[in-house]
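Q: Let me begin by handing over the structure; questions about it come next.
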Amino acid sequence: MNFYIDPAFYVFLALAVIPAVILGFTGHRIKYYGLAASLAFLLLLFGENAEGMLAFLVFLAVACAATFWVLSSWKRGEKSLWKYRCALVAVIAPLVIYKIGAVFDHNLMGFLGISYITFKAVQVIIEIRDGLIDHMDFADYLYFLVFFTPFTSGPIDRSRRFTEDANRVYSKQEYADLLARGIMLVLIGAVYQKVLGTVFFHYFTPAPAGDGSWWSELGEQVKDAYMYGFYLFFDFAGYSLMAMGASYCFGIKTPRNFRAPFLATDVREFWDRWHMTLSTWLRDFVFMRVVKSATRRKLFKDRLHTACAGYMANFMLMGAWHGLTVDYLVYGAYYGTLMGATDIYQKKSSFHKKHKKKRWYKALQWFITINLVMLGMAIFSGQLHTVIGGLFHG
């Protein structure tokens with residue numbers, strides 16, 4: 001059963017919410033019921049996929065063992081970096097094996113949701129090492145990893161924020177407000193995904209360049225890039241809204257994932273608005289650490305060049321996380337380059353500093369940004385690859 005796709009999911013979700021509503025309105029903690037419901041939904045998710053279920057259970061066992069091994073070591077004052085690094089490798093290895101296997105059309109260690117649960121497990125281990133987590137109840141950790149509403153595609157929550165919500169007992173009015181917001185988010189998300197996403201996908205018809213005029217062929221490719229961009233937004237944002245809404249019903253305020261990304265006036269702002277939980281995760285656990293390490297080692301001559309290297313590492317990892325294909329890796333390099341170029345331009349250009357608050361300049365920035373973003377969509381979807389391949393074989 002696919003979450004937020006199969007009609008049966010919504011029936012089971014409605015039934016599962018009823019006990020959560022009773023607990024919420026009667027002033028009881030929902031955590032343990034939410035954990036049991038999540039495990040039940042994961043059984044439905046994997047269904048008859050015994051291979052996927054086995055891979056998931058192996059990952060869960062490895063993540064739990066590695067995390068509490070590091071945590072116990074840190075609590076005893078034995079802050080061993082080799083244990084920390086071994087734990088990280090153990091948790092990341094299944095995802096790496098899966099991504100490499102996918103290149104050769106083999107599903108090794110793969111299961112639905114592996115990417116997002118890996119990010120959550122890695123985050124906990126890093127925050128233990130940073131001293132931000134010095135205690136974690138096993139039930140809280142397990143619930144954080146397996147909470148079903150965002151399991152397959154995010155949003156990516158943070159363990160400390162999640163645990164605070166999970167252990168909270170809401171007043172009747174607080175829970176009523178949360179429940180109302182949750183139901184509304186599910187309904188809005190369904191409209192986004194089922195209606196608007198379907199409409200835009202219908203007009204996404206990628207094909208190699210034909211025999212028409214140069215302008216008509218360009219117009220067709222631009223149309224497809226925009227249609228895919230809008231489709232991806234409404235499909236993914238719709239899913240995220242439904243995941244948020246469903247989590248609210250269980251007392252978990254899963255963070256927002258999109259905030260009007262197509263209104264951004266530069267690519268940095270775009271990533272502050274698009275898949276925000278992924279971009280902030282990468283910022284906190286990849287970009288900032290690459291910059292800090294490079295600065296400490298004096299690998300680059302100034303902070304701007306260091307930041308550019310951080311952007312490239314950050315977005316190349318993001319591209320590889322989506323998949324080890326040419327399209328995704330080029331997509332990562334594309335945004336790594338754009339982010340660095342934007343940083344250099346905004347910090348070095350006197351023209352930008354002089355005009356950045358003027359309306360005409362903001363409008364121009366928006367126009368350039370939206371087209372750069374849609375070009376990125378053409379790379380991500382494989383459309384540009386198809387066009388270029390058609391030109392060489394035409």
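Q: Could you name the lysines in cross-link range of Lys353, using Cα to Cα under 23 Å and dropping any fewer than eight places away on the same chain?
A: Lys362
Q: Kindly provide the helix-only [θ] at 222 nm of the chain, computed as the sum of -39,500 (n - 2.57) over DSSP H runs of four or more divided by all residues, to the nearest 500 deg cm²/dmol?
A: -24000 deg cm²/dmol
Q: Taking the Cα centre of the chain as the origin, how large is its charge dipole in debye, to the nearest 20, when only Lys and Arg (+1) and Asp and Glu (-1) carry charge on their Cβ atoms?
A: So the magnitude is around 2160 debye.
Q: Kindly rank 57-67, 246-256 from highest to lowest mean number of other beta carbons found within 10 Å of each residue.
A: Packing order, densest peptide first, comes out as 246-256, 57-67.
Q: At 1.4 Å probe size, what's the solvent-accessible area of Ile5? Round to the nearest 10 Å².
A: We get 100 Å² for Ile5.
Q: Right, next: Estimate the FRET efficiency between Thr337 and Lys362 by the formula 1/(1 + (r/R0)^6), using the beta-carbon distance for r and 25 Å for R0, to the nearest 0.05.
A: The calculated FRET efficiency here is 0.60.
Q: Also: Starting from the 7 Å offset along Cα-to-Cβ, what nm value, one decimal, do you get for the label separation of Leu304 and Ala36?
A: Placing both labels 7 Å beyond Cα along the Cβ direction yields 6.1 nm.
Q: Considering the dipole of the chain built from charges on the beta carbon (Lys and Arg +1, Asp and Glu -1) around the Cα centre, which of Tyr328, His106, Leu45 is farthest to its positive end?
A: Of Tyr328, His106, Leu45, it is Tyr328.
Q: Considering the options Pro155, Leu142, Phe201, tell which one lies farthest towards the positive end of the dipole of the stretch 76-214, charges being +1 on Lys and Arg and -1 on Asp and Glu at the Cβ, about the Cα centre.
A: Farthest along the dipole direction, towards plus: Leu142.
Q: Could you pull the Rg and Dmax for the stretch 106-218, using just the Cα atoms, both in Å?
A: Every Cα atom of the stretch 106-218 included, Rg and Dmax give 21.3, 66 Å.
Q: List every DSSP H helix in the chain whose Cα atoms extend 30 Å or more along the helix's own long axis and whose mean Kyte-Doolittle hydropathy is at least -0.5.
A: Span-like helices in the chain: 50-75, 81-103, 214-249, 326-348, 359-381.
Q: Same structure again: What accessible area per residue comes out for the stretch 162-312, rounded to a whole number of Å², with a 1.4 Å probe?
A: 51 Å²
Q: While we're here: Of the heavy-atom accessible surface of the stretch 137-278 (probe 1.4 angstrom), what whole percent is carbon and sulfur?
A: Answer for the stretch 137-278: carbon and sulfur cover 64 percent of the accessible area.
Q: Here's another thing I want to ask about it. Roughly how many Å is it from the Cα centre of the stretch 294-316 to that of the stretch 1-42, as a whole number?
A: Cα centres, the stretch 294-316 to the stretch 1-42: 45 Å.
Q: Still on this structure, I have one more. Set the Förster radius R0 to 56 Å, insert the Cβ-Cβ distance between Met288 and Leu15 as r into 1/(1 + (r/R0)^6), and round the FRET efficiency to 0.05.
A: 0.85
Q: Another question, if that's okay. Let's test the formula: R0 of 35 Å, r as the Cβ-Cβ distance of Thr26 and His322. What FRET efficiency results, to the nearest 0.05?
A: 0.20
Q: At 0.36 nm per residue, and after removing the present C-alpha to C-alpha distance, how many nm does the segment from Leu43 to Glu78 gain when stretched out fully?
A: 8.8 nm is the gain from fully extending Leu43 to Glu78.
Q: A further question on this structure: Give me the accessible area of Ile126, 1.4 Å probe, in Å² rounded to the nearest 10.
A: Result for Ile126: roughly 10 Å² accessible.
Q: Checking the cross-link filter: which aspartates and glutamates have an alpha carbon closer than 13 Å to that of Lys194, excluding same-chain neighbours under 8 positions apart?
A: Partners found: Asp6, Asp235.
The values are calculated or read from the model by the stated rules, or taken from the named source; none is laboratory data. All values derive from a computational prediction rather than experimental measurement. All Cβ positions, glycine included, derive from the backbone under ideal geometry; neighbour counts span all protein chains shown. The protein model used for the area step is the full one, side chains on, heavy atoms only, and it has no ligands, DNA or RNA in it. Shrake-Rupley method; radii C 1.70, N 1.55, O 1.52, S 1.80 Å.
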